[in-house]
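The values are calculated or read from the model by the stated rules, or taken from the named source; none is laboratory data. In this text the structure is predicted, and so the values were computed from the model without any measurement. We place every Cβ from the backbone using ideal geometry, glycine too, and count neighbours over all the protein chains shown.
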Amino acid sequence: MFNAKRPVLIFGAGIRLAGAMEHAVAFAHASGIPVAPTWGGLDIMPHDDPLFIGSFGTHGTRYGNFSVANADLLIAVGSRLDSKSTGTPVSSFARCARIIMVDIDQHEIDKFQHMGLKVEGGCSEDAKAFFTRALPNVKHDDYAPWLAQIADWKRRYPICPQSYYQEERVNPYVLVKALSGLMRDGDTLCSDTGCAVAWLAQAFEFKRGQRFIHAWNQTPMGYGLPAAVGAHYASGKRIVLVTGDGSLMMSVGELATVGGHQLPIKIILLNNGGHAMCRQTQREWFGAKADYPVCRGNGS
C-alpha cells in the first residue's frame, strides 16, 4: 500500500463510536498492516491478533512507540492524534512516515498545518463509511520483515521482564497481567485517571468482546466508580474497576450505591501513597523532592 515497507494502522476511539470495529479489523487483515491503537482504541482488536502491536504514545509500550516512530506510512482512523499520541513537539512525531488521517472533524486534520506536522492525506469521513468504501479496493501486501522487526522489539522490551516477578512488593505490571488473565471474554474494565490507566494501557491484554471504559483526555479523578455503576446498568454485566487511592476518595460516597443495590462491581484499589502521579509531575517538572512512594512506569 502506497509502496510502504513499514506501515502502521492507528485505530482510535472514533472507530467504536462509528460502530466500525469489525470493519476496522477486517481492513487490517485484508491489508496485512499491523495495528497500534490509541488508548481509546485498545479494546477494538484482541491482544493475541497477529497484527496487534500494542499501545503507543505517552501511555504506550516501548515497542509500540518504536513501531510508530520508525514507520514509513501511518494511516490513522478515528483518532485526532492528540498530544498523548504525538508527544511534543508535534514536529518530532513519526519522523519517517507519510501520514494519512481519517477523522470525522476536518478541523482536527487541519490543525496540524500550524503545528509543524505534515498530513499528506486528510479525509473527513465517518470511520465506518471509510472502511466500507476502502475494503473492496485494499490489497494484501507482504510485510514479513516489518512484522519480524516489531516482534523483535516486543521480545527485547517486554512489559513484564522476569525481574518484575521477583520483586518483594507487588509490581503493578505483574498485577495488571494477572488481572487480564483472570477476566473473561465480554467483561468490562473501568479505570480512573493517573497511574491506573497508564498501567492498564500498557500491560492489560484485552480479549475479544471486552470493553475498556475511561474518560480519556478529560481524565477526571473520581470518574471510575460512578462510571462502573453506569457501565453495569448499561450492560447488565459484572464490572471490574481499577482505581487509585486519590481517585477513589473523590467519589467514595458511591460505594453506598454499589452496596445498597448489591451491584456486581469488583474494585482493584491501588495504594499509590496518595496522588502519586500528581507528585510525579511536581517532582519531574518542578523540582519537588520525592519524599513519598512514586508512580512508576507512566510512559515509555
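Would you confirm whether any residue within region 224-242 is among the polar types (S, T, N, Q) and farther than 23 Å from residue 55 by Cα?
Checked region 224-242: at least one residue is among the polar types (S, T, N, Q) and farther than 23 Å from residue 55 by Cα.
For residue 194, indicate whether it is within 24 Å of residue 64 (Cα to Cα), surrounded by 11 or more Cβ atoms within 10 Å (Cβ to Cβ) and over 23 Å from the mean Cα position of the chain (by Cα).
no
Identify all residues within region 251-291 that are at pLDDT 90 or above and not aliphatic (A, V, I, L, M); write none if there are none.
251, 253, 254, 257, 259, 260, 261, 262, 264, 266
Residue pairs, Cβ under 6 Å, 6 or more apart or interchain, first in region 61-78 and crowded, with 24+ Cβ neighbours inside 10 Å, second of a type in the set (Lys, Arg). List them.
As it stands, the answer is 63/154; 71/6, since those pairs meet every condition given.
Examine region 228-236 for a residue that is on the phi < 0 side of the Ramachandran plot and touching a Phe, Trp or Tyr at 6+ places or on another chain (Cβ under 7 Å), and state whether such a residue exists.
No: zero hits.
Out of contact with any strand residue (DSSP E or B) (no Cβ under 8 Å at 6 or more places or on another chain) and closer than 30 Å to residue 180 by Cβ: is that true of residue 36 in this structure?
For residue 36, the condition - out of contact with any strand residue (DSSP E or B) (no Cβ under 8 Å at 6 or more places or on another chain) and closer than 30 Å to residue 180 by Cβ - is not met.
Does any residue in region 110-131 that is under 21 Å from residue 94 (Cα atoms) come within less than 8 Å, Cβ to Cβ, of a residue that is aromatic (Phe, Trp, Tyr) six or more places away or on a different chain, and which pairs are these?
Correct list of pairs: 117/93; 118/112; 119/112; 123/130.
Mind listing whichever residues of region 207-236 are over 20 Å from residue 255 (Cα atoms) and of a type in the set (Gly, Ala, Ser)?
Within region 207-236, just 209 meets the criteria.
If you scan region 121-142, which residues turn out to be among the acidic types (Asp, Glu) and closer than 15 Å to residue 80 by Cα?
Scanning region 121-142 gives 125, 126.
Please return the ranges of helices (runs of 4 or more DSSP H) entirely within region 52-129 where 2 or more residues are charged (D, E, K, R) and at pLDDT 90 or above.
106-110
State all residues of region 2-11 that are farther than 15 Å from residue 94 by Cβ and touching a helix residue (DSSP H, G or I) at 6+ places or on another chain (Cβ under 6 Å); if no residue qualifies, say none.
Answer for region 2-11, where residues must be farther than 15 Å from residue 94 by Cβ and touching a helix residue (DSSP H, G or I) at 6+ places or on another chain (Cβ under 6 Å): just 11.
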